[in-house]
Amino acid sequence: MSAFSVGKTVIQAEGGFYGIKEKHDLLRYEANGFGTELDVRYGAFFDQFEFDLNTQYQYDWYQAPLVSDTRGGFKQLTLGAKYLVYDPYLKQNDKPNVYSWKANHKFKWNDFIPAVAVYGGFNLQLGTNPFTFKGDSKFSPKVMVITQNQFGKHWVFVTNIIADKISTKYPSYGVIATMTRGFNMRWSGMLEFQGYKSDYYADTVFRLGAAYLVRENIQLDASVSKNVKETPAIAYANIGASWRFDSNYETNYKRVKNKKDDKDKKDKKSKKDKGKKRKDEVELEKTK
C-alpha cells in the first residue's frame, strides 16, 4: 500500500486472479488452487485521506494421507482508512537550474526523507474461513505505518509496517518492502520482500512483477511469488488489472508553494499565482 491517497472523489479498483501451489513435507499434505483479489480505494474529504476495502477469496484442493477435500472461503476481508500525515514534497523547491545539467541530476539527500501515512482498519470473517487458525475472531483490528521515498524520476521505495489481528490469540507482525522502477512511459517493474511472524505462522516471501499502463486510467500487471521455507513451500502466480475513475477530481495546484526571494514578495500577483502541482503519487499515474 502506497503512502499517498488516490485523491479526493477518486475511485480506484484493483482486481486480479492468482494460482497457488502449497506443499508441506513434514505434514505430508498438498494444496493446489486459485483465488481472486479485489481492492477498492476511495478518496474522501481531502486529498490526503482515503477509504480502502480489500478482499481475497480462495478455493483449493487439499490432499493428505487418508484425506482428500476441497476448501473455499474469504481468506481476507479488510475495511480501513489511510491518512497521509507527512508529505516531504510540500516545501521542496524543485525548480530546474537552467545553468547546470549536473545540478539538476545530482543525488539529493532529501530523497531519504519519506512521505509517511498511517492506516487503521479491521478484519471481518464471513462464514467459515478454512485458511486461518481455529478460534480466530470474527472481528479484529489491523494497523500500519507506511513510508514512501522517491529516488530521482524512476525509483520508488515503499514500506508497510504491519500489526494485524492484534486482539486475537495469534497476533501477526510484519513488514513489506517494495522497490519499483519505471522503465518508460508505459512499463514498470517491481521487486518485493515480505516478512511476517506470529505464534501461529511465520514466513518470508519474495515477489517479482511488472505493470503496463494501457491507458491513462487502466493498468495491467503480473507477478510471481515464492517463500523461502519448506514447511510449507508456497508458490504464487498472479495477473491483474487496475481502473481509475477521476472525472470529478479537481487538481490542487496550490498545495505546494515554491520558495521565494525577497524580491518575489514585492510582486503580489506572482506570489498569488505561482504554485506547484501536488506530487501525490498514485499507482496508475504515468511512470516517469
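Take the residue pairs Lys153/Lys229; Lys23/Lys197; Lys8/Lys226; Lys21/Lys153; Lys8/Lys153 and return only those whose Cα atoms are more than 29 Å apart. Spell out each step's value before the answer.
Numbers: Lys153/Lys229 36 Å; Lys23/Lys197 20 Å; Lys8/Lys226 36 Å; Lys21/Lys153 37 Å; Lys8/Lys153 25 Å.
Correct reply: Lys153/Lys229; Lys8/Lys226; Lys21/Lys153.
Scalar couplings 3J(HN,Hα) for region 35-46, obtained by applying the Karplus form with A = 6.51, B = -1.76, C = 1.60 to θ = phi - 60°, are x, 10, 10, 9, 10, 10, 10, 9, x, 10, 6, 7 Hz; x denotes Gly and Pro.
Which value results for Rg/Rh of region 1-76 when Rg is the Cα radius of gyration and Rh the Kirkwood radius based on the inverse mean 1/r?
Radius of gyration relative to Kirkwood radius: 1.22.
Highest mean packing first, where packing is the average number of other Cβ atoms within 10 Å per residue, the peptides 227-238, 143-154 line up as 143-154, 227-238. Here region 138-250 has an Rg and Dmax of 16.7, 50 Å, counting Cα atoms alone.
Report Rg/Rh for region 118-173, rounded to two decimals, where Rg is the Cα radius of gyration and Rh the Kirkwood radius.
Values: Rg = 15.4 Å, Rh = 13.2 Å.
My calculation of the ratio gives 1.16.
We did not get these values from a lab; they are worked out from the coordinates using the rules stated. Given the structure is predicted, the values throughout are model-derived calculations rather than measurements. For neighbour counting, all protein chains shown are included, and Cβ atoms are generated from backbone atoms with ideal geometry for every residue, glycine included.
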